[in-house]
Amino acid sequence: MLSKIVKAACTVAALAVPGMAFAADYPTKPITLIVPYQAGGSVETMGRVFADELGSALGGKVLVKTQPGAGGKIGTTAASKAGADGYTLLFAPDSTVLWPPIAEDVDYSLESFTPIARVAMLQMAIVTSKGSGIETYEDLLAASREGKLSYADQNAISRAFVNYIGKQEGLDWVAVPTKGGGEMVPFLLGGKIDFAWSGGVHNRYLDQMNVVLGMIDAPLQRSPDVPTIQDKFGVAMPAGATIWAPAGLPEDILSQLVEASLTAAGSEAFTSLLNDKLGMPPAAVSGEELTNALAEIDSGLAKVYETTSQ
């Protein structure tokens, strides 16, 4: 897996060379940006603003197509099978591409994609509704020992990480699949489940939700005092949101997409959305830095898989 990551990311690094000639006639038609999660969640919200900025940077039009289902695998699979011509891209968390080939039987692998650029850092967390009476991580543990709780998860990796916590704490929770944050929010606030894994949409509902545990390796931007899974157990979920393309793109188109994606990531509209509305740190990472980050993610995911698959 590590060799696959290095190979894919080094390709980007080699191609993203300043001064390289771009395809003069690209794009000649609208580009489709697949978001593999339901409308209303944080990833889809980012995708729509990013698509507008990417289109401006390319001098063309980028259309968002949501393809939710199977924890992101339906849209990701569709993107992997698209033509390598620069007209189909994927906007997805790193975990959506990296986890399934490790833990599941899917029709794609890391080699199916070329990572173009990481553009944001997601703020995954465990959350509860304010009406639940569960305000802290310790409250969640106490409630879980009194009776079996249910939670909303959105994909296989969120379920694996919650199960990882459960194993460490000697607890067992019931997973209720949801199609992205757009479905998770009404489930949680409507009292259909006891707590939830959130990819970041909770930042828009902090007046109605409690954040009890950060699921990444750094303090959450809007809940910096909340403990993290890294602090407690030495593992963390991958937080990158990345633009991916099917493997095999012509070199000039790939180079143009790398430059345009970094421009879009730094745009005022996109960074304002992240900082002011979503509470997510912006990012603009490609090349060797992205290579190293993906390699580190792979190591952590393997550790969690080994623990939760036993």
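Within a Cβ distance under 12 Å of Asp153, other residues only, what is the Lys/Arg minus Asp/Glu net charge?
Working: positive: Arg159, Lys179; negative: Glu183.
Once all neighbours under 12 Å are counted, the net charge is +1.
Take the Cβ atoms of Lys81 and Ala295, set R0 to 25 Å, and the FRET efficiency comes out at 0.45.
Put a plus charge on the Cβ of each Lys and Arg, a minus charge on the Cβ of each Asp and Glu, and nothing anywhere else: the dipole of the chain about its Cα centre is then about 580 debye. Each DSSP beta bridge with both residues in the chain is either parallel or antiparallel, and the antiparallel ones are about 60%. Label the stretch 125-233 by shape, choosing from rounded, prolate and oblate, from the square roots a ≥ b ≥ c of the eigenvalues of the Cα gyration tensor; if a/c is under 1.5 it is rounded, and otherwise prolate applies when a/b is larger than b/c, oblate when it is not. Here the stretch 125-233 falls in the rounded category.
Using DSSP, restrict attention to beta bridges with both residues in the stretch 125-233 and report what percent are antiparallel, rounded to the nearest 5. Close to 55 percent. Centre-to-centre separation between the Cα atoms of the stretch 84-155 and those of the stretch 218-246: 10 Å. Electrostatic tally near Ala269: other residues with Cβ closer than 13 Å to its Cβ, Lys and Arg +1, Asp and Glu -1, net -2. Taking other C-beta atoms within 10 angstrom as a stand-in for reagent exposure, Tyr37, Tyr151 fall in the order Tyr151, Tyr37, fewest first.
Which one of Ala117, Ala78, Ala142 has the biggest mean-square fluctuation once the chain is modelled by GNM with Cα springs under 10 Å? Looking only at Ala117, Ala78, Ala142, the largest GNM fluctuation is found for Ala142. Of all DSSP bridge pairs formed entirely within the stretch 23-168, close to 0 percent run antiparallel.
Laboratory data are not the source of any read-out in this text; all were calculated from the coordinates shown. If you're wondering where the values come from, they're calculated on a predicted model, not measured in any experiment. Ideal geometry is used to build each Cβ from the backbone, glycine not excepted, and the neighbour counts take in all protein chains shown.
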